[in-house]
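Okay, so here's the structure we're looking at.
The values are calculated or read from the model by the stated rules, or taken from the named source; none is laboratory data. For clarity, every value in this text was computed on a predicted model and none was experimentally measured. For the accessible areas, the whole protein counts, side chains as well, though only heavy atoms, and no ligand, DNA or RNA atoms are used. Shrake-Rupley method; radii C 1.70, N 1.55, O 1.52, S 1.80 Å.
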Amino acid sequence: MKNLSTLVAFLGGAAVGAALGILFAPEKGEDTRRKIAEILRRKGIKLNRSEMDDLVEQITSEIKIEGEQ
């Protein structure tokens, strides 16, 4: 059970890292959001535009907080 938790944590971290890499890539925001939504859909996670915007805002605010520390 502990190995499963570790694997889930690792995969979650990898997904967040990939999302952040995409967010900071030099592309238009709309293209970036579309790519993230497509990746999430392939993983079985479906977000509407409002939910995607909320996710981007949450990630952005967490990055700013960590950068200030």
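Listed by chain and number, the lysines placed with their C-alpha closer than 24 angstrom to that of Lys64 are Lys28, Lys35; residues fewer than eight positions away on the same chain are left out.
Only protein heavy atoms count here; under a 1.4 Å probe, Phe24 has an accessible surface of about 140 Å².
Tell me, in nm to one decimal, what length is gained between Ile45 and Ser5 on full extension, where the rule is 0.36 nm per residue of separation less the Cα-Cα distance?
Answer, rounded to one decimal: 12.5 nm.
The computed Cα Rg over 2.2 N^0.38 Å for the structure shown corresponds, within [x] 1.16; [y] 1.12; [z] 1.21, to [z]. When nucleic acids and ligands are ignored and a 1.4 Å probe is applied, Lys64 ends up with an accessible area of around 130 Å². Once all protein chains are placed together, Glu62 keeps about 90 Å² accessible to a 1.4 angstrom probe. Shown are Leu11, Leu23, whose ranking by accessible area with a 1.4 Å probe and every protein chain present, most to least, is Leu11, Leu23.
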